[in-house]
Amino acid sequence: MSVPLLFAVSILAGSVGAMSGMGGGVILVPALTLLGLDIRRAIAISIVSVIATSSGAASAYVRDHITNLKIGMFLEMFTMLGALLGASIAVVSEPRILFLVFGAVLLVSWATLWLQRKEEWHPAAPPDSFSRWLELDGVYRDRRLGCDVRYHAVRAWLGGPLMFGAGLVAGLLGIGAGALKVLIHDLVMGLPPKVSTTTSNLIIGVTALAGTSVYLRAGLVDPGLAAPVILGITVGAFVGTRVLVRLTNRTVRRVFLGVLAVLGVEMLLRGIRGG
Amino acid sequence: MTVRPAKHIDAASIIGLTLLVGVVSSLALIAIGLAWHWARWGTLELDYTLPATSVGGFVLADVRQLELGEVRPRLLVSLGIVVLLLTPWVRVLASMLYFAIVERNAKYTCFTAFVLALLTWSLLGSP
């Protein structure tokens, strides 16, 4: 496989992933399979590169004190177990099953982004005793509002097990599954959007590493291909967040979401046709 | 800009720095390795496939090559990937030490210790 082409595709995946908010993996895996790579090898390379993009982004967010470390540490116990199981399933799965699941997850995540609510966040109901015991509360500085926002998580007893499912999808498909994690943070645990996206980013690094360990043991990680992908997708994500966000607007974002929908349908069709 | 007054040791800063140093050094090693390979062989295509191995085995193989002084483009790329794989692990280790030593929070020391133990097991496990 041509390395310059691989590098270019990774930069594109990284920047589109960052701009659309879905992460690079959901574009990278379909793109790599279109370039002729076996889907399991594509997933293995993608999950290694997810460690780089999520850790890079998390390093900035953590130092801004928006990420909630305790919520992250609590939830990553679940996502990590899920990723180990998901990756173990993927290495013995038929490619066509992976195409089908990938397409379905892509379309579901796309729909949640498309329908994203623009409501203002309101503090959730008083925390239940389990969430209180877990000390899942915090405060962050909202620069736009110019004030401190206090919040607490609720329903940790439900959020944890659901995160196991998000981790399973991440390990199975080699993606960060950030959209799923944010959905659980938002809807189930009542976290403010900023806290949920940044905390999700922190969790993804450990989740992806757990998945990577399984793919490495299965001999599916090809360092010669992974290296340019890691480099390209991180450069792309950096450009996507720092530069292109300023140039873009809602319409551009919708165009990218359209591309994602096409990829989702394409993956489904390839699954139906037998990979 | 920080919200809380700076404590003597700040978990967020330690974790943020760990992640930043890990990712930047990993990318630098990979970039230098690829550039060196290109300069020497005129191609970016590394003939580098890996047998089924644990992350631990992967790290050991690189350390052995380093000991032999066999610094080649391929080794730099490989080290870059190794540094990347160890970054989240070191982050969890740093979090556990923070909760144990600075915050003295038994609950979260246990949580992070569980993550660290399971992660270590998955990194060292045989193929």
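The values are calculated or read from the model by the stated rules, or taken from the named source; none is laboratory data. These numbers were taken from a predicted model, which means no experiment stands behind them. Cβ coordinates were reconstructed from backbone atoms using ideal geometry, including for glycine residues, and neighbour counts include every protein chain displayed.
Before moving on, here are some points about what is shown:
- Test: residue in the range B:34-45 that is part of a helix (DSSP H, G or I) and polar (S, T, N, Q): no
- Within the range B:50-74, being facing chain A (nearest Cβ under 7 Å) and assigned to a helix (DSSP H, G or I) holds for B:Val55, B:Phe58.
- Residue match in the range A:222-229 (condition: in a loop (DSSP other than H, G, I, E, B), touching a residue at least 60 places away in the same chain (Cβ under 8 Å) and under 16 Å from B:Val82 (Cα atoms)): yes
- Hits in the range A:198-213 (condition: β-branched (Val, Ile, Thr), out of contact with any His (no Cβ under 9 Å at 6 or more places or on another chain) and either more than 7 Å from chain B (Cβ to nearest Cβ) or in a loop (DSSP other than H, G, I, E, B) (or both)): A:Thr198, A:Ile203, A:Ile204, A:Thr207
- Residue list for the range A:77-93, filter: away from chain B (no Cβ under 11 Å) and among the hydroxyl-bearing types (Ser, Thr, Tyr): A:Ser93
- Residues that are closer than 24 Å to B:Glu103 by Cα and away from chain B (no Cβ under 12 Å) within the range A:133-155 comprise A:Asp137, A:Tyr151, A:His152, A:Ala153, A:Val154, listed in sequence order.
- Residue identified as within 7 Å of chain A (Cβ to nearest Cβ), at pLDDT 90 or above and in a helix (DSSP H, G or I) among B:Val77, B:Val82, B:Val90: B:Val77
- Meets criteria (within 14 Å of another protein chain (Cβ to nearest Cβ), among the small types (Gly, Ala, Ser) and within 30 Å of A:Leu32 (Cα to Cα)) for A:Ala170: yes
- Among the residues listed as A:Met1, A:Met22, the single one being part of a loop (DSSP other than H, G, I, E, B), at pLDDT below 95 and surrounded by 24 or more Cβ atoms within 10 Å (Cβ to Cβ): A:Met22
- Taken over the range A:1-57, the residue count meeting the criterion of being polar (S, T, N, Q), within 13 Å of chain B (Cβ to nearest Cβ) and more than 13 Å from the chain's Cα centre (by Cα) is 2.
- Of the numbered criteria (1) facing chain A (nearest Cβ under 7 Å); (2) touching a residue at least 12 places away in the same chain (Cβ under 8 Å), the one B:Asp47 fails is (2).
- Restricting attention to the range B:8-25 and to residues that are within 26 Å of A:Arg217 (Cβ to Cβ) and more than 7 Å from chain A (Cβ to nearest Cβ), the residue that is surrounded by the most Cβ atoms within 10 Å (Cβ to Cβ) turns out to be B:Thr18.
- Tally of residues being surrounded by 16 or more Cβ atoms within 10 Å (Cβ to Cβ), under 16 Å from A:Gly224 (Cα atoms) and not acidic (Asp, Glu) across the range B:44-58: 6
- Evaluated against (1) farther than 19 Å from A:Thr53 by Cβ; (2) surrounded by fewer than 24 Cβ atoms within 10 Å (Cβ to Cβ), A:Met189 falls short on exactly one condition, (2).
- The residue of the range A:25-64 that is modelled with the lowest pLDDT, among those that are of a type in the set (A, V, I, L, M) and surrounded by fewer than 24 Cβ atoms within 10 Å (Cβ to Cβ), is A:Ala60.
- The range B:101-127: number of residues that are part of a helix (DSSP H, G or I), in contact (Cβ under 8 Å) with a residue 12 or more places away in the chain and more than 8 Å from chain A (Cβ to nearest Cβ): 6
- Any hit, the range B:14-30, residues being at pLDDT below 90, under 30 Å from A:Arg150 (Cβ atoms) and either β-branched (Val, Ile, Thr) or in a helix (DSSP H, G or I) (or both): yes
- Candidates A:Leu168, A:Leu158 - the one that is out of contact with any Lys or Arg (no Cβ under 9 Å at 6 or more places or on another chain) and crowded, with 21+ Cβ neighbours inside 10 Å: A:Leu168
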